[in-house]
Amino acid sequence: MSTYFPKAGEIVRKWYVVDADGQTLGRLASQVARILMGKENPQYTTFLDTGDHVIVINAEKVKTTGFKSEQKVYQHYTGYPGGLRTEEFRKRFERKPESIIEAAVLRMLPKSKLGRQMISKLNVYRGEKHPHEAQKPQAKALEVRA
């Protein structure tokens with residue numbers, strides 16, 4: 001008996017809309033990452049991208065716990081000497097809350113070509129509106145754990 005692997009044409013991708021209003025950042029990111037990887041699908045395979053597309057709306061209404069909003073710092077290196085750039089969580093959240101959700105989800109995906117392919121299926125928007133109505137996305141209620 002051989003193991004079944006889905007072919008490229010057999011993978012049907014769905015579109016989901018996730019509302020970030022009142023959701024905790026880390027819990028939201030982990031559940032979105034599971035959908036992007038395809039772990040919610042019965043045809044999940046570790047080395048294939050079997051995940052679905054995810055649209056996250058209301059990115060500016062996501063919440064954090066503890067002192068993350070005061071203590072968390074985002075860093076990146078430009079590649080030049082003395083090129084370490086830092087930005088506080090609060091400043092980045094005011095400037096671009098979409099990037100905070102994208103960064104949290106990206107860090108939960110595989111660090112490979114497959115992970116880069118998975119993150120391309122994530123769309124994060126500030127507010128209720130998004131330009132993906134033609135794909136007929138379904139509302140996805142995430143598990144809320146206390």
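Structure values in brief
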{"read-out": "Subset of the range 100-146 (residues that are surrounded by fewer than 16 Cβ atoms within 10 Å (Cβ to Cβ), small (Gly, Ala, Ser) and free of Cβ contacts under 8 Å to residues at least 24 places away in the same chain)", "value": "Ser112, Ser120, Ala134, Ala141, Ala146"}
{"read-out": "Arg95 being surrounded by fewer than 14 Cβ atoms within 10 Å (Cβ to Cβ), charged (D, E, K, R), at pLDDT 95 or above and farther than 20 Å from Arg27 by Cα", "value": "yes"}
{"read-out": "Residues satisfying the stated conditions in the range 95-117, i.e. over 21 Å from Asn58 (Cα atoms) and under 9 Å from the mean Cα position of the chain (by Cα)", "value": "Leu109"}
{"read-out": "Within the range 122-146, tally of residues that are part of a helix (DSSP H, G or I) and closer than 14 Å to Gly38 by Cα", "value": "0"}
{"read-out": "Any hit, the range 14-30, residues being at pLDDT 95 or above, under 15 Å from Ile119 (Cβ atoms) and loosely packed, with under 15 Cβ neighbours inside 10 Å", "value": "yes"}
{"read-out": "Enumeration of residues in the range 70-94 that are within 24 Å of Ile119 (Cβ to Cβ) and under 20 Å from the mean Cα position of the chain (by Cα)", "value": "Lys72, Val73, Tyr74, Gln75, His76, Phe89, Arg92, Phe93, Glu94"}
{"read-out": "Options Tyr44, Tyr16; residue that is free of Cβ contacts under 8 Å to residues at least 60 places away in the same chain and among the hydroxyl-bearing types (Ser, Thr, Tyr)", "value": "Tyr44"}
{"read-out": "Elements of type strands (runs of 3 or more DSSP E) contained in the range 34-121, each with 2 or more residues being out of contact with any Ser or Thr (no Cβ under 9 Å at 6 or more places or on another chain) and among the aliphatic types (A, V, I, L, M)", "value": "53-57"}
{"read-out": "Long-range neighbours under 7 Å by Cβ, at least six apart or interchain, first residue surrounded by 10 or more Cβ atoms within 10 Å (Cβ to Cβ) within the range 61-87, second among the basic types (Lys, Arg)", "value": "Ser69/Arg90; Tyr74/Arg92; His76/Arg85"}
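The values are calculated or read from the model by the stated rules, or taken from the named source; none is laboratory data. In this text, all values refer to a predicted model and were calculated from it rather than measured experimentally. Cβ coordinates were reconstructed from backbone atoms using ideal geometry, including for glycine residues, and neighbour counts include every protein chain displayed.
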